[in-house]
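Before any comments, here is the structure.
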Amino acid sequence: MAIYHLRATMISRSQGRSATAASAYRVAERIEDRRTGLTFDYAARGGVDYTEILAPDHAPDWVRDRSELWNRVEEAETRKNSQVAREVRVALPDELTHAQRVALVRDYAQTQFVDRGMVADIALHAPGREGDERNHHAHILLTTREVDTEGFTTKNRDWNKVEVLEGWREAWARDSNAALERAGIEDRVDHRTLVAQRDEALELASAARERGDEGAELHETVRAMSLDRPPLPQLSLGAWQLKERGIEVAAVRVWHEVKDRAAEVRQVVQELTGQVRDWLDRAAERVMDRLGPGQSELALAGGRDGREEEPDFATRLKASWEAYQGQEKVQETATPERDRETPQEFAARLREAAAGIDPDSLADRAAALREGREAEERQVAQEAAREQERVKELERQQEIEREAHRDRGHGIER
């Protein structure tokens, strides 16, 4: 099912990174950095489905030459700790076709970034050979300076504001949902926190209960249960890159563990909500006369969400559903109509299951995730330090070669 993910990070020299290297890696090309003399060659790298540079209409033609673009970005920065570029990484709905994913990213980048004055270098990546085969995602590398007809001018600090980032997050959810709707797909994504989504579901369930809408109450109750969990742990950029290369540090292992368990629970929730829909269909047929004209839509209500869950929820939901299945089987064969479980009773049982979640176990899990992330951050920092040493050594070797070349040149002149 469609998932929401958007992460914005800065490409900074203080981290030993460069815009030329970042672009070359993401689009799988060879780019020589004129500032350092280093060559970044990822042309043999696979998994890149689509690349394109989008720029404002008034931008000079050379911005569409990737090597020229990012070399000029680097040359425009003079400080050793300059932030040379911004990257926005988004998860793409696996349910869409390749053409639909390309259109989604292009339209989003044009509206949110290019129309604001940035140059956007986009790259769509296919799922890796290892891991989740639905992991379509895109990298959008962005300039941090204004561009006019001559080239880059001043940095636009407004692009760093928190409210601008929140606008990007909301716009990605809105655009993704519009694309899913156009494709005839029911799934939707949400940029809000799990807490905010759960609170909304509980409010809607309460409102539905007050107005007697059993179907809506069941749907929102199940949705609230599915959202009452710690979020999927966030991976740092370094850990994400290690994950993409199939290297498992502590945080990556925890990430895979939580994601795998969430997939199992998602299946349970999907089964539960599907059965709720079927059950309400049968219930509506039995009580249509009592509901009266215009009320038959209650029988069609039911959930469709099925989002990521903790294993505790899987056990509770499965037990709740299995208990209901056993009861329903008995009811269909031998139980009088008046003894059948009502929608209100079933909703109450779901609420009871949700209320039985042990907050201490969730706190322990959160602490474990924090410990894993701290260990991963230490390892990533060590990896970054080693990488910087390798880059410095390469620069020293290249400087030695240049000195030797100059010496040979002077010798020929004599």
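The values are calculated or read from the model by the stated rules, or taken from the named source; none is laboratory data. Only a predicted model underlies this, so the values are computations on that prediction, with no experimental measurement involved. When we count neighbours, we look across all protein chains shown, and the Cβ atoms used for this are built from the backbone with ideal geometry, even at glycine. Areas reflect the complete protein model, heavy atoms only, side chains present, ligands, DNA and RNA absent. Shrake-Rupley method; radii C 1.70, N 1.55, O 1.52, S 1.80 Å.
So what is the accessible area of segment 1-159 per residue, in Å², with the probe set to 1.4 Å?
Ligands and nucleic acids excluded, the result is 44 Å² per residue.
Would you work out what percent of the accessible area of segment 111-184, with all protein chains in place, is carbon or sulfur (probe 1.4 Å)?
It is 42 percent, rounded to a whole number.
How big is segment 1-146 along each principal axis, measuring the range of its Cα positions in Å and listing the largest first?
Sorted largest first, the three principal extents are 45, 34, 25 Å.
Roll a 1.4 angstrom probe over the protein heavy atoms and tell me the percent of accessible area of segment 7-64 that is carbon or sulfur.
42
For the peptides 92-105, 387-400, what is the packing order when you average, over each peptide's residues, the other Cβ atoms within 10 Å and list the highest mean first?
So the peptides 92-105, 387-400, ranked by packing, come out 92-105, 387-400.
So what is the diffusion coefficient of segment 110-183 in µm² per second by Stokes-Einstein at 37 °C and 0.692 mPa s, using a Kirkwood Rh over Cα pairs?
For the chosen part, D equals 225 µm²/s.
Which one of Thr36, Leu92, Asn81 is farthest out on the positive end of the charge dipole of segment 1-102, using unit charges on Cβ (Lys, Arg +1; Asp, Glu -1) and the Cα centre as origin?
Asn81
Ranked from the most accessible area to the least, with a 1.4 Å probe and all protein chains present, what is the order of Met118, Met10?
The ranking, largest first, comes out as Met10, Met118.
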